[in-house]
Amino acid sequence: MIVAINMVEYEIVNKEELRMVKATLNGDTVRAESGALHYMIGNIEMVTKAPSVGGFLKSVVSSEDIFRPTYTGTGEVFFGPPTFGEYHILELNGNSMVLDQGAYICSDEGVEVGIMRNKGVKSMLFGGEGIWQTTVSGTGKVVYYSDGPIEEITLENDTLTVDGNFAVARDASLKYETKLLGKGLLSKMAGGEGFVNVISGTGKVYLSPVPSRFNNLISRQVSDTVGGMIPFLNQG
């Protein structure tokens, strides 16, 4: 899969089930998460600019790395790490989205990348999501990571309740909170679900409910089991 914008091409490379991101530059610039570089080929210059004072303070408080380098020139840049998980290409058209902590990989230079603190901080400690998350806004392509395939949910003045940190990305306009599931003390204590993440309003949510590495593991176990049974079946 190749997506091109402003001469930059993004490709999800799959080698022996391990995936990486390849950005092909033709005199253009791509921004990436610090530490995401795997290797690069060609005449490419990496530059890391100092953040603003406010951005630096957020980085200290959130422990998030906001020193996001840019790569400019002609050649190919490979971002990783190589993983059994999934990389996805998201297109922004003047809108803003919130990415789960650690999901952001790289983006076009015109996309603004920031940090925000989720509301409901007290409950967030139990909700499975990070208190601090990444925001992306503007126009251009964003590449993000998930443990498994993405399921796109479109809300129209509706509410989505998610158990766990499966909401990898969401429209910034959506309301987000973490709370105990169920009404009444007994329901909350005996319901078994505990804290859940509640997303409401109108917009899109990208879920990754089934990690692909678990699917690969199950497939291999089934294959090994069936393969081990064949000699005994042939004897019969």
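The values are calculated or read from the model by the stated rules, or taken from the named source; none is laboratory data. Note that this is a predicted model, so its numbers are computed, not measured. With ideal geometry, Cβ positions are generated from the backbone for all residues, glycine too; neighbour counts draw on all protein chains shown.
What to note about this one:
- Candidate set from region 15-26 (those that are more than 12 Å from Cys106 (Cβ to Cβ) and surrounded by 11 or more Cβ atoms within 10 Å (Cβ to Cβ)); member that is modelled with the lowest pLDDT: Glu17
- Test result for Ser52, of a type in the set (Gly, Ala, Ser) and at pLDDT 85 or above: no
- Residues of region 148-159 that are surrounded by fewer than 20 Cβ atoms within 10 Å (Cβ to Cβ) and under 20 Å from the mean Cα position of the chain (by Cα): Pro149, Ile150, Glu151, Glu152, Ile153, Thr154, Leu155.
- Wholly within region 137-236, strands (runs of 3 or more DSSP E) carrying at least 2 residues that are of a type in the set (D, E, K, R) and at pLDDT 95 or above: 151-162, 167-171
- Tyr39 passes every criterion in (1) surrounded by fewer than 14 Cβ atoms within 10 Å (Cβ to Cβ); (2) at pLDDT below 95; (3) over 18 Å from the mean Cα position of the chain (by Cα) apart from (2).
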